[in-house]
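Written out below as structure tokens is the structure these notes cover.
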Amino acid sequence: MSGISFFDVFLQGIYSSINMARYKQFAFKQFGYFDIGAEQNEFALHPDFAGSVKVAFVKAGGNVTVDFKGYQLEQDALFFISAGQYYQIADDSRGTMIYYNRDFYCVAIHDKEVACDGLLFHNVYEIPVILLSDEQSAGMQAIIAEIKEEIVHDDSSMEEMLRILLKSIIIKATRIYKLQHNTSTDEARQEVEFSRKFSQLVEWHYARHHTVAEYAELLNMTPKALNKRITRNSDSTPNDIIKNRIILEAKRLLVHTDLSVKEIGYKLGYDDPSYFIRLFTNQTSSSPQNFRQQYQHATVA
């Protein structure tokens, strides 16, 4: 057993039990779940977990942090967490974490609102958290119970059934999100779609495009028109949204990687390290190095 430690063997035992009970792999497609609480730190050790998309159902009373924003839940909630997002769930929280890779879900998705890059994912305006009524929570818990029952089956239809159940959660959550964001009229739906389009552009290009003018050009409109369109339904300006996304990525890189502050600045498109440090400090009231020290012992996934 040269080169394999006792700890490695212990982890392999954990991974084996996960694979047998609550984790399935179908060629390149992966899907799993675990109950939030005492188990979560062990299950989060799974090598496929860090790069997965996550849907967390957390019961009222739970304490969740996503991308450095904390939520003390007074009602049950769903969190939609993309790969690479910083998050923590307190050990005394209760619920279920579903996780999967993009191959499992994205390969067969055509409806843009419920796709892997739909309304609930990569939203630069807000962290996608869906607060649930008692009735909505009961419906979600029923689907989760079906997932737990289905994953123990060993037949050819299991993969597709798991995908159907996952899509059901995403569709129902998307409907709730739209109701909570008042998209009942054609005009409101058009505004949501425009905001989503701008959000996607920022998500795709934040490391290269830093100005409102660059995004206005991508949208074939003037910077003034873009500013007016975004601020019509948001407290944030396009410039705020762009800068916030850049700073968020800087925070993630400071926490998740050992890259130097200078290297992070370069990665985000800033050739002048001093300018990047000033930008980060002005946006967060903390220097990059102090921010890293603050979170370096935090649990991330």
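The values are calculated or read from the model by the stated rules, or taken from the named source; none is laboratory data. On a predicted model such as this, the values are computed, not experimentally measured, just so you know. Please note: Cβ atoms are built from the backbone with ideal geometry, for glycine as well, and neighbour counts cover all protein chains shown.
A compact table of results
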{"item": "Qualifying residue in the stretch 102-123 (condition: in the same structural domain as residue 79 (by TED's automatic domain parsing), part of a helix (DSSP H, G or I), at pLDDT below 90 and aliphatic (A, V, I, L, M))", "result": "yes"}
{"item": "Total residues in the stretch 64-97, condition within 15 Å of residue 251 (Cα to Cα), in contact (Cβ under 8 Å) with a residue 60 or more places away in the chain and not polar (S, T, N, Q)", "result": "6"}
{"item": "Residue match in the stretch 216-236 (condition: in contact with a Ser or Thr (Cβ under 9 Å, 6 or more places away or on another chain), in a loop (DSSP other than H, G, I, E, B), among the polar types (S, T, N, Q) and surrounded by 15 or more Cβ atoms within 10 Å (Cβ to Cβ))", "result": "yes"}
{"item": "Boolean, residue 79 is in contact with a helix residue (DSSP H, G or I) (Cβ under 7 Å, 6 or more places away or on another chain) and either part of a strand (DSSP E or B) or at pLDDT 90 or above (or both)", "result": "no"}
{"item": "Of all residues making up the stretch 235-278, the number that are of a type in the set (A, V, I, L, M, F, W, C) and in contact with a Lys or Arg (Cβ under 6 Å, 6 or more places away or on another chain)", "result": "1"}
{"item": "Test for residue 252: is it assigned by TED's automatic domain parsing to the domain that holds residue 129 and within 27 Å of residue 65 (Cα to Cα)", "result": "no"}
{"item": "Top-ranked residue in the stretch 82-95 [being among the aliphatic types (A, V, I, L, M) and either surrounded by fewer than 20 Cβ atoms within 10 Å (Cβ to Cβ) or under 11 Å from the mean Cα position of the chain (by Cα) (or both); ranked as modelled with the lowest pLDDT]", "result": "83"}
{"item": "Single condition residue 243 does not satisfy, out of (1) part of a helix (DSSP H, G or I); (2) under 19 Å from residue 291 (Cβ atoms); (3) without any contact (Cβ under 8 Å) to a residue 40 or more places away in the chain", "result": "(3)"}
{"item": "Scan of the stretch 262-276 for residues that are in contact with a Pro (Cβ under 6 Å, 6 or more places away or on another chain) and closer than 14 Å to residue 207 by Cα, ordered by number", "result": "265"}
{"item": "Scan of the stretch 277-294 for residues that are within 23 Å of residue 203 (Cβ to Cβ) and β-branched (Val, Ile, Thr), ordered by number", "result": "284"}
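So that you can scan it fast, the table gives a plain yes or no per residue for (1) assigned to a helix (DSSP H, G or I); (2) β-branched (Val, Ile, Thr); (3) modelled with pLDDT of 90 or more:
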residue	(1), (2), (3)
15	yes, no, no
30	no, no, no
42	yes, no, no
47	no, no, no
51	no, no, no
54	no, no, yes
57	no, no, yes
71	no, no, yes
97	no, no, yes
